[in-house]
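Asks: Quick one: this structure, given as structure tokens, is what I'll be asking you about.
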Amino acid sequence: MKIKVEPFLMRKGNRVAKAAIQFEEGFMNGWHMVGFTICDDPEKGLFVLFPASIVKRDTATKPFFFLRPDREEQLATLETMILDTYESMVAFNSPHLTTKEK
């Protein structure tokens, strides 16, 4: 699996880049899962929006996520991998709105 990140040329609100996962093995070799958005918020810091669609039923609307992990920590691991790829690309470019404390 390979993560590809493409920074937006101009910021779109708090959205700074888009990301995709390229599969490199097995049946999914050569396929891409797109729709990840990297955001930089003054309060939340960097975070990832995962591919989803809005489902409307009667009076309620809620997101339908296309990527669902078996375990919750898998989602956090993938988010960390995407953010690490993004941060390695922009480390020497422009600064973020926020700084991440370590």
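The values are calculated or read from the model by the stated rules, or taken from the named source; none is laboratory data. Please read these numbers as outputs of a predicted model, since none were measured by experiment. When we count neighbours, we look across all protein chains shown, and the Cβ atoms used for this are built from the backbone with ideal geometry, even at glycine.
Asks: Restricting to the stretch 1-46, and then to whatever is loosely packed, with under 14 Cβ neighbours inside 10 Å, of a type outside the set (A, V, I, L, M) and closer than 13 Å to residue 90 by Cα, can you tell me which residue is modelled with the lowest pLDDT?
Replies: 8
Asks: Looking at the stretch 50-72, can you tell me whether even one residue there is within 22 Å of residue 10 (Cα to Cα) and surrounded by 10 or more Cβ atoms within 10 Å (Cβ to Cβ)?
Replies: Yes: the stretch 50-72 contains one or more residues that are within 22 Å of residue 10 (Cα to Cα) and surrounded by 10 or more Cβ atoms within 10 Å (Cβ to Cβ).
Residue by residue, here is whether (1) modelled with pLDDT of 95 or more; (2) part of a loop (DSSP other than H, G, I, E, B) holds:
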{"site": "48", "(1), (2)": "yes, no"}
{"site": "56", "(1), (2)": "no, no"}
{"site": "64", "(1), (2)": "no, no"}
{"site": "69", "(1), (2)": "no, yes"}
{"site": "73", "(1), (2)": "no, no"}
{"site": "76", "(1), (2)": "no, no"}
{"site": "88", "(1), (2)": "no, no"}
{"site": "96", "(1), (2)": "no, yes"}
{"site": "102", "(1), (2)": "no, yes"}
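Asks: Taking the conditions exactly as written (touching a residue at least 40 places away in the same chain (Cβ under 8 Å), exposed (fewer than 15 other Cβ atoms within 10 Å of the Cβ) and of a type in the set (A, V, I, L, M)), does residue 89 satisfy them or not?
Replies: When the stated conditions are applied, residue 89 passes them.
Every residue, every condition in (1) farther than 20 Å from residue 1 by Cα; (2) without any contact (Cβ under 8 Å) to a residue 40 or more places away in the chain, yes or no:
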site	(1), (2)
25	no, yes
30	no, yes
40	yes, no
48	no, yes
56	yes, yes
61	yes, yes
70	no, yes
73	no, yes
77	no, yes
